[in-house]
Amino acid sequence: MFYKVGFVIAALGGLTACTQKYESAPVEITTPDGPVTCQLYRPDMVIWDRPLSYPEGMETSEAASVCRKEGMSRKPGA
């Protein structure tokens, strides 16, 4: 009996975590090389910010840096 109750509580807790909003709508940042489209996350999760698309001549790491800088600039108090 207790195992079933524990399982139900764990399942509900997992579903609750899935409903939280961590992502922003995609954001386009203009750079000298062209536009970078970023997926930004909560201000305390800037390390997760990542590029969805970027110019052909740009390295992935450079595009990721652009996204993280944008995420940092949007942090409250930045």
Filter segment 31-60 down to the residues that are surrounded by fewer than 16 Cβ atoms within 10 Å (Cβ to Cβ), in a loop (DSSP other than H, G, I, E, B) and acidic (Asp, Glu) and list them by number. Asp33, Glu56, Glu59
Among (1) out of contact with any Ser or Thr (no Cβ under 7 Å at 6 or more places or on another chain); (2) at pLDDT 90 or above - the single one Glu28 does not satisfy: (1)
Regarding segment 61-76, can at least one residue be identified that is on the phi < 0 side of the Ramachandran plot, modelled with pLDDT of 95 or more and not in a helix (DSSP H, G or I)? no
Kindly provide the set of residues from segment 34-49 that are modelled with pLDDT of 95 or more and out of contact with any Ser or Thr (no Cβ under 9 Å at 6 or more places or on another chain), ordered by number. Gly34
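The values are calculated or read from the model by the stated rules, or taken from the named source; none is laboratory data. Since the model is a prediction, treat every value here as computed from it, not as a measurement. Reconstructed Cβ throughout: ideal geometry from the backbone, glycine too, with neighbour counts over all protein chains shown.
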